[in-house]
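The values are calculated or read from the model by the stated rules, or taken from the named source; none is laboratory data. Quick caveat, the model's predicted, so the values are computed rather than measured. Positions of Cβ are backbone-derived with ideal geometry, glycine not excepted, and every protein chain shown enters the neighbour counts. For accessibility, only protein heavy atoms count, side chains too; no ligands or nucleic acids. Shrake-Rupley method; radii C 1.70, N 1.55, O 1.52, S 1.80 Å.
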Amino acid sequence: MKFFIEYPFVLALIIPVIIALIILINRTFIKFNNEQEKREYNRAHKGKRIFITITRSLIALYLLIALSSPYTLKEDVVKGDYSLKILVDNSTSMSLFDNSVVNEVFNSVKEKIPVTKMPIASGTSSPIGNAIINNMHGDDNILLISDGQNNKGKELASVMFFANLLNTSISAVNVNPINDDYSVVIEGPSEAIMGTENEFYIRINKAGNPPAYDISAKVDERPVNLEKIENNLFKFSKQLSEGYHKITATIDTNDFFKENNVYYKTLHVLPKPNVLYVTEKDSKFLDMLKPVYTINKKTSLPNDLSEYASIIIDDIEASKLNSKTELLSDYVIEGGGLFVIGGENAFDKGDYSNSLFETILPVKVGEAGFGGELVTSIVIVLDISESTGQDFSRRNSESKVDVEKSLALEIIKGLSLYDKVGIVAFNHAAYQISPLGVLGEVETNITSKISKLHDSGGTYVFSGLKKAQYMLESSLGSKNIILISDGVDSIPSQSLALSKEFAEKNIKLYTVGVGEATNRAFLQTLAIETGAEYFEPTESQKLHIIFSKQQDLPPQKVKSLVLFNNNHFITKNLDIIAEVSGFNYVVKKSSSQMIVSMGDGKPIITVWRYGLGRVVALSTDDGEKWSSELLSKSNSKLLVRSLNWAIGDPQKNLPFYTRVKDTYLGDTSQIIVKSDKKPVSEKLKFEKTDENKYISHFTPSETGYEEFFNTIMAVNYPLEYKDIGFNKELRDLIEITGGKMFDSSDANEIVKFIKNTSLRKKSTPHYIRWPFIIVALSILILEIFIRKIIESRRRGK
């Protein structure tokens, strides 16, 4: 039987209270005539005081233990609700499927258990997530007959986690299409800068086995050549002139829905942004930017920066910037972009350390990996709840908890032997598997203990994180937690609140997701709150970059660049193969993001937001000497995207602009206009929301293109027709709730499953306060009884 303490801080009062009792009991409040009289009194009462000190200390001990609320968890099997609620999706996309399964399942099951049937969607609206929330009340069972294509309201993943919290089991019937259909979608940028090559992908979604199709695409009514990348995926590249462009993709085939055989998209090509390039040398990087941007080269910062979308400072000493730092700071705070490039006169080589200019940057001078810290402390937190006993994926039968253990051991192998490492495991409670200790001394013991872990119990992420926080409280230097979990959490709000507390205490929380149905959004939020990162299982080796030291890595690995954050605008879908021979010694600031690093974790590209503006720090040179490989055709996208990210909104300095986004029939779109006077339109009614900012709403009535103030919006078929066929993710999502997939003929299996899941296990705390209170009272009564006897004997004498 395991015991838990609800208020462990109360136990910390035991020693102070006992010390206070000893002082009070041994203190004499009687006034004596002389020292001799005092000594005789103390000698006569010495035994009594020792006795009272012992009894009162024991009473205080037991009362404080009672106040700390010790308890055990009692697991009861509760007979739940045998009834079943069947939610039926009647939306248009279900026309592709055999809807006779609804009555087949309903009629078969209703003879054996109470069952109700509820329609949840209709027409081109499929708010499946909202419907599930509206129909579950906790400790109940839901069977979903749907294609699982949720196009409105709450995300299905969030709903499933909420159902898990309420102990609602959600299962689904596997429906197969009887009608065949395709849908066409164009993927690509909605904005681009004039002079850049833009890539577009045309994806064909498929339900059933429709006949072959012919595909064509046009840009401004002119046909383009398509390159087939794989089955049902095509690509084309195009460099376009300034202004709006209409892109249309069409498939010609004999399928079920004709509405989704044409897709419309717009691309807004913006004029070349005006960029100030400050440098005292010739630069190949500057030459590379000229076709894409309007470059103004200067050797120093001018007094007026307002005309520039971004400023590039290339290898300039701090002494030549400090006088203009306040001007530069105001420019960035008000929304300007700043791109600072290193070299032999920048950062550590340009006296940036503790300068005014350094305050604007997302990095500070120092040696990354050490950063002036005394020691690196790391607590690895492993999720061993029952949900981690499920298969890692449909293609990998290894359990998630086994994958977690393998990842933990792999992470430990990549750490320095001088790091302090501790291990925590958690389910509904937290367990210290190994206390914080120098890895070189405890590695064998840690490895053995991790390998013995197995899954059981509920999931309470907060308990594991809180235990890790306690272990780190007395540590010096860098404090880090690595959470390895599937992201299932019974009370996620507590974990999120704790991550904010970590940020205040400079504790970094890195998260690693495990399993196909991982709640990535939850784990990403936990990490981002503390200025850390979220990693997929295949990316866990990037933790070695954060914590390992240069001498642990071969030289070629140290020089290779690593895309540390693959989800950022700068690095998304990029494949960079490059080495740098030199760099500036910098350390990222706590609220910044390292996007690209050296193989040993030294920052190369680091970013942050400064006021309304954005700042990029490139801590190597402009390609002249150290990083020439970054200027190659494939790698240069990294630098161009870095500058584009710094620019942010190229239109922000324009006196008038209109912003719209491509939309779908049935959706209401927002039209934003910046103007010094209220815009007038026959179709739209505008309201002022800010200085020179007006907003209107528009609901399209037909597909094609709409125009507002020379701005074009594409309007596509309703979202209902976009993602067709059975949602492959639904199987993994329902497993979060403990549900299952059934075939329409599995009536007996459905009934058996509902009856089994209705016998629900509930863990309730069983408090053990009264035994300690009774013991304390017994000691007090015994003390009073003994003192009465002694006093009676004294009177008798």
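List of remarks:
- Sites S69 and E504 - FRET efficiency at Förster radius 35 Å, r taken between beta-carbons, to 0.05: 0.80
- Accessible area, probe 1.4 Å, largest first, for residues F785, F51, F522: F785, F51, F522
- Helices in the chain, meaning DSSP H runs of at least 4 residues, each add -39500 (n - 2.57). Divided by all residues, the mean residue ellipticity at 222 nm is -8500 deg cm²/dmol.
- Ligands, DNA and RNA excluded, the heavy atoms of T28 present near 40 Å² of accessible surface to a 1.4 Å solvent probe.
- Model label sites at N653 and K284, defined 7 Å from Cα along the beta-carbon direction, differ in position by 2.9 nm.
- Its relative contact order, with pairs defined as Cα atoms under 8 Å and 6+ residues apart, puts the chain at 16 percent.
- Most positive-pole-ward Cα, S126, V562, T28, against dipole of the chain from beta carbon charges: T28
- Cα centroids of region 276-297 and region 88-109: 63 Å apart.
- Förster-model FRET efficiency, 30 Å R0, I789 and I22, C-beta, rounded to 0.05: 0.75
- Spin-label model distance (nm) - D304 vs E344, 7 Å beyond Cα toward Cβ: 3.7
- Dipole orientation for region 54-193: of the candidates V101, L87, V115, V115 has the Cα lying most toward the positive pole (charges on Cβ; Lys, Arg +1; Asp, Glu -1).
- Based on the Stokes-Einstein relation at 20 °C and a viscosity of 1.002 mPa s, and on the Kirkwood radius from alpha carbon pairs, region 181-270 is assigned a translational diffusion coefficient of 158 µm²/s.
- Dipole in debye (nearest 20) - region 657-713, about Cα centre, beta carbon charges: Lys, Arg +1; Asp, Glu -1: 260
- Net lengthening on full extension, E473/N134 (0.36 nm per residue, minus Cα-Cα): 117.7 nm
- For the chain, carbon and sulfur atoms together expose 51% of the accessible surface, with a 1.4 angstrom probe and every protein chain in place.
- Share, in percent, of DSSP beta bridges within the chain that are antiparallel, nearest 5: 55
- The heavy atoms of L165 offer some 80 square angstrom of accessible surface to a 1.4 angstrom probe.
- With Cα atoms defining each centre, region 170-249 and region 421-495 are spaced 46 Å apart in the structure.
- Eligible lysines near K284 by straight Cα distance, threshold 18 Å, same-chain separation 8 or greater: K297, K298, K625, K633, K637
- For the chain, the solvent-accessible area with a 1.4 angstrom probe is 48 square angstrom per residue.
- Structure-derived P(r) over Cα pairs in 10 Å bins from 0, in percent: which label, when the choices are [x] 2, 8, 10, 10, 9, 7, 6, 5, 5, 5, 4, 4, 4, 3, 3, 3, 4, 3, 2, 1, 1, 0; [y] 2, 10, 16, 19, 19, 15, 8, 5, 3, 2, 1, 0, 0; [z] 2, 11, 17, 18, 14, 10, 8, 7, 6, 4, 2, 1, 0, 0, 0: [y]
- Within a straight-line Cα-Cα reach of under 16 Å, K235 can be paired with the following lysines, leaving aside sequence neighbours fewer than 8 residues apart in one chain: K218, K265.
- Separation of region 568-642 and region 312-354, taken as the distance between their Cα centroids, equals 16 angstrom.
- If only the Cβ of Lys and Arg carry +1 and only the Cβ of Asp and Glu carry -1, the dipole of the chain around its Cα centre is close to 4560 debye.
- Computed Rg/Rh of region 159-219, alpha carbon atoms with Kirkwood Rh: 1.22
- Here the scattering of region 98-166 is modelled by Debye summation over its C-alpha atoms, one equal scatterer each and no solvent; at q = 0.11, 0.14 Å⁻¹ the log10 of I(q)/I(0) is -0.30, -0.48.
- Here the gap between N445 and T250, fully extended at 0.36 nm per residue and compared with their Cα-Cα distance, gives a gain of 63.9 nm.
- Accessible surface of R49 - all protein chains present, 1.4 Å probe, nearest 10 Å²: 40
- Given charges at beta-carbon only (K, R positive; D, E negative), |dipole| of region 181-270 in Debye: 40
- Size descriptor, Kirkwood hydrodynamic radius, that averages inverse alpha-carbon separations across region 376-547, Å: 15.5
- Length available on full extension from L612 to K413: 0.36 nm per residue minus the Cα-Cα distance, which gives 67.5 nm.
- FRET efficiency for E37 and I15, using Cβ-Cβ distance with R0 set to 41 Å, rounded to 0.05: 0.75
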